[in-house]
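Take a look at the structure set out below.
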Amino acid sequence: MSKTAAVVLAFLSLVLLTTSSRAQLLPSGNVYVGGGYGDSVDVINRYTFRGWEANAEDLAFPRHPYLGIVLDGSGFYRLGVQQYNVFLGPRVSMNYGKWRPFFQVMGGAQRTASGGTSHYPLAEDIGGGVDRKFQFLFLKHFAWRVEFDYMHTRLLHASQDDYRGSTGLVWRF
């Protein structure tokens, strides 16, 4: 058997068998990875960024399946500027057929590096989006997400308002 065939067989076995057995190691929830676009407005300037966003949601409350806890991370870049964000907070969501809209409020920290200087302000994030489930064979545990967020930071009496949008793939387990 060739290496390619072995890898394809192992992947299909993993996808088809683990989803039906509902493994105890993984709680109920989802993982998201996507590309993003950011817009940052500080006191003087307005910047646009391109980057990535990833988050994991744990639906930890069996009696409240609409409530989850989200850990979110993102990185946005432009020439000479890097911005990283880490957030944690609750997410409320509901399923409507193939659609799953959600709303989240999170708090965390931001790291902005520019010109050899780094700043670490606390940040708030309010946002939401929607997931659209796939209905194909082994893709039934995957969805496509579109998400938009407003982030606010304050450093040394100066406020900064950031907006980000992202889209990407969600794996639901």
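A single entry from E57, E124 fulfils the requirement of being of a type in the set (D, E, K, R), in a strand (DSSP E or B), over 19 Å from V31 (Cα atoms) and touching a Gly at 6+ places or on another chain (Cβ under 9 Å): E124. When the stretch 128-150 is limited to residues that are of a type in the set (A, V, I, L, M) and within 14 Å of the chain's Cα centre (by Cα), the one that is surrounded by the most Cβ atoms within 10 Å (Cβ to Cβ) turns out to be A143. Of the residues that make up the stretch 81-93, is at least one loosely packed, with under 14 Cβ neighbours inside 10 Å and at pLDDT below 95? No, every residue in the stretch 81-93 fails to be loosely packed, with under 14 Cβ neighbours inside 10 Å and at pLDDT below 95.
Could you tell me whether A143 is at negative phi, in contact with a Lys or Arg (Cβ under 7 Å, 6 or more places away or on another chain) and hydrophobic (A, V, I, L, M, F, W, C)?
Yes.
Screening the candidates S74, S159, S118 for the property of being in contact (Cβ under 8 Å) with a residue 60 or more places away in the chain, surrounded by fewer than 17 Cβ atoms within 10 Å (Cβ to Cβ) and part of a strand (DSSP E or B) yields one hit, S159.
Within the stretch 79-102, if we keep just the residues that are touching a Leu at 6+ places or on another chain (Cβ under 9 Å) and of a type in the set (A, V, I, L, M), the residue that is farthest from A123 (Cα to Cα) turns out to be V92.
Within the stretch 136-154, residues that are closer than 22 Å to D39 by Cα sit with their Cβ atoms under 7 Å from residues that are outside any strand (DSSP E or B), at 6+ positions apart or across chains, in these pairs: T153/P121; R154/P121.
Does the stretch 44-54 include one or more residues that are surrounded by 15 or more Cβ atoms within 10 Å (Cβ to Cβ), over 17 Å from the mean Cα position of the chain (by Cα) and modelled with pLDDT under 85? Looking through the stretch 44-54, at least one residue is surrounded by 15 or more Cβ atoms within 10 Å (Cβ to Cβ), over 17 Å from the mean Cα position of the chain (by Cα) and modelled with pLDDT under 85.
The values are calculated or read from the model by the stated rules, or taken from the named source; none is laboratory data. Every value quoted in this text rests on a predicted model; they were computed, and no experiment measured them. With ideal geometry, Cβ positions are generated from the backbone for all residues, glycine too; neighbour counts draw on all protein chains shown.
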